[in-house]
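The block underneath contains the structure these notes are about, expressed in structure tokens.
All of the numbers you see were taken from the coordinates with simple rules; none came from a lab. Fair warning: this is a prediction, and the values are worked out from it, not measured in the lab. Quick reminder, even Gly has a Cβ in these numbers, built from the backbone with ideal geometry, and neighbours come from all protein chains shown.
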Amino acid sequence: MITIAIAGKPNSGKSTFFKAATLADVEIASYPFTTIKPNTGIAYVKVDCPCQEPAIQQELGGKSCGKCVDGVRFVPMGLLDVAGLVRGAHEGRGLGNEFLDELRQAEAIIHVVDAAGGTDADGNVVDLGSHDPHEDLEFFKTELNLWVCGIIKRNWRKIERKAELEGLKIERLLAEQLTGVGVSEEQIKAALLEPTSPDRANFRSWSDDDLHTLAAAVIRRSKKMVIAANKADNAPHENLENLKKGYAASEGERVIPCSAAAELALRTAAKNKLITYVPGDADFEIVGELTEKQRKGLEKIRAFLHAHGGTGVQTILNYAVFDLLDYVVAYPVEDEHKFCDSSGRILPDAFLLKRGSTARDLAFAVHSDIGESCLYGVDARTKLRLGEKHELVNRDIIKIVSTK
């Protein structure tokens, strides 16, 4: 399953974001290092379900497939809430070693920032607006770069000699060194092609500054990020605008305002049947008895939803999966005429796959045995057989033909 990490300095709202997205039982408190061991859970991306298409509606008799909410499907993904990052983490300060080690398994990072400026660099509570969130963005990237650079430098002379004596490609040797960080040879090749990166052909003369520059390029290629401007409901307007325009323009990373606390409140209220709320929606409906305090709290949240089009949490999850990582959703079926499995369940499953995946890749996602015995796929909409190299597109419904 795809895994995305939630990261940032202590007390920025990471665990609140994680709990809001997963409804997992985690500790939340307003002091640094509440999270020591990583929390893992299941979150969901929100997509339109194909069951609303006319041909499938005909099979359903105008009903829902039973796997969606009013035509909205939620597809599972893995979420990892890691310990807070502090300055000097690459040298082991705080829980730095554990933090950086845990990031290896993540395909992308949701960097949660306290946009309200109510916590200092180490996560201690300060007056709202007294800390510049830009500093948190810069130090986070610096720590990641120093982490990767340190790994390269530890064995740089050995790598250099091996490349020279054995004639091995420098990108292959660097990839071997950075395997534990989750960096591929292709990503290093791409990093070396960046205009600011050191000249690959002259690796023997690379300086410490060159290694730092390369490390920064490797991070950009291997650890894609979206910035969650959290606590936006308490953030000055200029803070949000500066983050969205300034940082996004300079680093090329999208900044999305959010309120993890608002999302958690809405999902908890919906769970307790006080409201009806679909994650990602820009409004909710009150259906239960509320106290005056609860009603006022919900109305404050409603104002934030209307201003921002939602709490931002679902938007961030969807952006990370579909825009940053370029995944698509595919639906495997056994009967391409009725869009169902052998038990008659229509569109029973949905899988997230990297864009460029084939029917065989989908078969492996369903089960390794089916993948190994896969013969070909059939597009359930067109009833056409798919070639071995045919790339799936978003919302494809595919029959897997195998010997199993």
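Within the same chain, lysines fewer than 8 places from K169 are excluded, and of the rest, those with a Cα less than 21 Å from its Cα are K153, K158, K189.
Dipole size of the stretch 119-261 about its Cα centre, with +1 on Lys/Arg Cβ and -1 on Asp/Glu Cβ: approximately 860 debye, rounded to the nearest 20. Annotation: amide H-H contacts under 5 Å for K9 (H modelled 1.01 Å from N, sequence separation of 5 or more, or interchain): L85.
Partnerless cysteines in the chain, where a partner means another cysteine C-beta under 4.7 angstrom, comprise C149, C258, C340, C374.
Partners of K63 within straight-line reach, counting aspartates and glutamates whose Cα lies under 13 Å from its Cα and excluding those fewer than 8 residues away in the same chain: E53.
A simple spin-label model places the labels of R204 and H337 7.1 nm from each other, with each point 7 Å out along Cα-to-Cβ.
Computed extension gain for K63 through T382, at 0.36 nm per residue and net of the alpha carbon distance, reaches 112.6 nm. For the stretch 166-189, the residues whose amide N sits under 13 Å from a probe point set 7 Å from the Cα of K354 along the beta carbon direction are 183-188.
Legend: calculated FRET efficiency, R104 to S373, from the Cβ-Cβ distance at R0 = 45 Å, rounded to 0.05, equals 0.85. Listed values [x] 1.02; [y] 1.84; [z] 1.10 include one computed from this model; for Cα Rg over 2.2 N^0.38 Å that value carries the label [z]. Working from label points 7 Å from Cα in the Cα-to-Cβ sense, the T3 to E186 distance is 2.0 nm. Note on the chain: helix-only mean residue ellipticity at 222 nm, from DSSP H runs of 4+ residues weighted -39500 (n - 2.57) and normalised by residue number, equals -10500 deg cm²/dmol.
Pairs exceeding 20 Å between alpha-carbon atoms, taken from K141/K245; K46/K404; K46/K338; K19/K245; K223/K354: K46/K404; K46/K338; K19/K245.
Let a ≥ b ≥ c be the square roots of the eigenvalues of the Cα gyration tensor of the stretch 238-386; is it rounded (a/c under 1.5), or, if not, prolate (a/b larger than b/c) or oblate?
Verdict is oblate for the stretch 238-386.
What is the sum of charges around I370, taking Lys and Arg as +1, Asp and Glu as -1, for the other residues whose C-beta is under 15 Å from the C-beta of I370? Combined, the nearby Lys, Arg, Asp and Glu give -3.
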